[in-house]
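K.L.:
The structure's right below; bear with me while I get my questions together.
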Amino acid sequence: MNVCQKLGLVGGSLSLAVVSQCFSVQAATLTQTYTVDMGSQPLNSSTNVVLPKFNSLLGTLLRAYVTVKSTVNNTVSITPLTGDFMGTAASNASIAVNIPLLKVDPNLTLSVLASPPETRIANGATGSVSGSASGTVSKSYDSQQSLSALSGCDGDTFIAGFMTNGFTQVIGNPVRGSFDGKVAVNTTFSAIYEYEPVPEPMTAVGTFVAAGMGLWWKTRAAKKV
């Protein structure tokens with residue numbers, strides 16, 4: 001075996017190593033997150049939220065997550081009429097989300113209970129009871145049907161229906177009096193996309209160049225045998 005043949009084998013080995021390394025880079029997973037702040041919504045209301053789809057030009061979508069985080073704030077004014085009041089006002093809220101384009105498992109539901117500490121309010125006086133509580137619910141989607149539905153072109157969006165239901169209950173002794181309350185739900189929606197990116201042009205060029213050099217060295221070595 002002469003020097004050229006040895007170089008040909010070494011060149012072939014190097015070309016294979018470079019190709020393997022390029023493919024490992026291509027297999028890296030990136031994450032893209034979009035978050036929409038719904039602001040403050042009254043209890044027992046409904047609306048829609050619009051979220052971006054995954055831009056399929058960026059790569060191959062592997063998994064998607066939809067996350068809903070809500071904070072329930074309640075403030076209830078109480079004027080007891082039959083003695084001093086000792087108690088609280090608890091708000092029980094249910095946040096429901098529906099994503100129509102997802103045919104399988106399109107619903108997310110979150111329950112949040114805001115129960116402030118007990119407060120004493122004198123007979124005939126007016127006082128307030130305030131509190132808040134937070135919760136988070138998340139679902140992941142990796143079926144081909146769901147990933148296809150959540151993918152699109154740059155600027156494509158999908159709609160999720162958002163509904164809050166619940167009630168506030170005054171708990172204490174006595175419970176007779178005048179009550180006035182405000183309950184609001186602050187919610188953020190997030191769409192998180194995990195994807196395998198499209199290889200950069202220089203990476204693809206490097207892969208083909210490496211493979212071509214390996215083939216050239218092998219051909220040259222074969223001719224010199």
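The values are calculated or read from the model by the stated rules, or taken from the named source; none is laboratory data. All of these numbers come straight from a predicted model, not from anything done at the bench. Note that each Cβ is placed from the backbone with ideal geometry, even for glycine, and that neighbours are counted across all protein chains shown. With ligands, DNA and RNA removed, areas are computed over all heavy atoms of the protein, side chains included. Shrake-Rupley method; radii C 1.70, N 1.55, O 1.52, S 1.80 Å.
K.L.:
Would you call Asp156 of a type in the set (D, E, K, R) and either at pLDDT 95 or above or open to solvent by less than 50 Å² (accessible area, probe 1.4 Å) (or both)?
P.N.:
Yes.
K.L.:
Pick from Ser134, Ser111, Ser138: which is closer than 15 Å to Ser70 by Cα and within 16 Å of the chain's Cα centre (by Cα)?
P.N.:
Numbers: Ser134 fails: within 16 Å of the chain's Cα centre (by Cα); Ser111 fails: within 16 Å of the chain's Cα centre (by Cα).
Of Ser134, Ser111, Ser138, the one residue that is closer than 15 Å to Ser70 by Cα and within 16 Å of the chain's Cα centre (by Cα) is Ser138.
K.L.:
Looking at (1) in contact with a Gly (Cβ under 9 Å, 6 or more places away or on another chain); (2) in contact (Cβ under 8 Å) with a residue 40 or more places away in the chain, which is the one condition that is false for Ser115?
P.N.:
Condition (2) is where Ser115 drops out.
K.L.:
Does Ala64 fit the bill of being modelled with pLDDT of 95 or more and either over 24 Å from the mean Cα position of the chain (by Cα) or among the small types (Gly, Ala, Ser) (or both)? Before the answer, list the steps.
P.N.:
Values: modelled with pLDDT of 95 or more: yes; either over 24 Å from the mean Cα position of the chain (by Cα) or among the small types (Gly, Ala, Ser) (or both): yes.
Yes.
K.L.:
Can we say Pro106 is crowded, with 16+ Cβ neighbours inside 10 Å, under 24 Å from Met38 (Cα atoms), touching a Pro at 6+ places or on another chain (Cβ under 7 Å) and not acidic (Asp, Glu)?
P.N.:
Here the answer is yes, as Pro106 does meet what is asked.
K.L.:
Would it be correct to say that Thr67 is surrounded by 17 or more Cβ atoms within 10 Å (Cβ to Cβ), among the polar types (S, T, N, Q) and either under 15 Å from Gly161 (Cα atoms) or touching a Phe, Trp or Tyr at 6+ places or on another chain (Cβ under 7 Å) (or both)? Working first, answer last.
P.N.:
Details: surrounded by 17 or more Cβ atoms within 10 Å (Cβ to Cβ): yes; among the polar types (S, T, N, Q): yes; either under 15 Å from Gly161 (Cα atoms) or touching a Phe, Trp or Tyr at 6+ places or on another chain (Cβ under 7 Å) (or both): yes.
So Thr67 passes the test.
K.L.:
Looking at the structure I just gave you, is Ser91 surrounded by 18 or more Cβ atoms within 10 Å (Cβ to Cβ) and within 17 Å of Gly172 (Cα to Cα)?
P.N.:
Yes: the conditions hold for Ser91.
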